[in-house]
């Protein structure tokens, strides 16, 4: 009975997170000055891998983003989702579920590196005039602006917003998280590896696959900057939410 309940729980989690990633990817943040882009689907993807392991993370990353690419009108990125995001989800979930204890210094260092990157991308990419919005007309792709397919409004985000939040997260790691059982210290390290897989994987895909398979050329080098930004921001958000979800399970 316990096996059935556990399997049912994993199945429901897989379906729910796949659908959430598929549709929430149309909710976005865009920064015109830096061309920074962020979608709500990315932190949900990372969160699914942290909470439910490699197979759920891989399925949500691969299928969830593949469906979102179809819905948003970017079918040429479906294969990237099925390969790059699938691999990232599998690795993040697998590393985080590894029962072996992580070296205390390595765990602290990886957490602080993630927070430092969070502050850097926030200050350099996601500061200034920021547009928050969502896609209201699907399947348009690059033509979404031509057909008024977006709803968005602008807000101003100060660099201090990111600096203060980075300091608060760092204090949390030092004062609270560092005291806890080391077996929960894989999350930040696995997320950093996942970010690298996504950034490098999409660089390779946009450099070698898009031009030859679909005759589409994009600035893959410039997109590295964008992909670092939204991956790090998403990973940090997922890290914080996983800490909240796992709070009662911790051994202090």
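Things to note:
- When each of 18, 124, 226 is scored by the number of other beta-carbon atoms lying within 10 Å, the sequence from fewest to most is 124, 226, 18.
- Stretched out straight at 0.36 nm per residue, the stretch from residue 245 to residue 154 would grow longer than its current Cα-Cα span by 29.7 nm.
- Prolate/oblate/rounded label for region 9-89 (Cα gyration tensor, a/c 1.5): prolate
- The separation of region 56-101 from region 140-178, counted between C-alpha centres, amounts to 22 Å.
- Prolate/oblate/rounded call for region 2-249, Cα gyration tensor, a/c under 1.5 rounded: oblate
- Projected label distance in nm at residue 55 and residue 19, using a 7 Å step from Cα toward the beta-carbon: 2.1
- You can think of it this way: the chain between residue 82 and residue 215 has 45.9 nm of extra reach, that is 0.36 nm per residue less the Cα-Cα gap.
- Relative contact order (%) - criterion: Cα under 8 Å, at least six apart; region: the chain: 24
- Fewest-first sequence of 143, 97 by Cβ atoms within 10 Å of each Cβ: 143, 97
- A full extension of the chain between residue 139 and residue 196 corresponds to an added length of 17.6 nm, given 0.36 nm per residue minus the alpha carbon distance.
- Theoretical FRET efficiency, 1/(1+(r/R0)^6), r = Cβ-Cβ of residue 4 and residue 129, R0 51 Å, to 0.05: 0.50
- Footprinting exposure proxy for 219, 54 (fewest neighbouring C-beta atoms within 10 Å first): 219, 54
Quick note: the coordinates plus some simple rules give every number you see, no bench work behind them. Predicted model, so just to flag it, every value in this text is computed and none were measured. Here the Cβ is made from the backbone with ideal geometry for all residues, glycine too, and neighbour counts use every protein chain on show.
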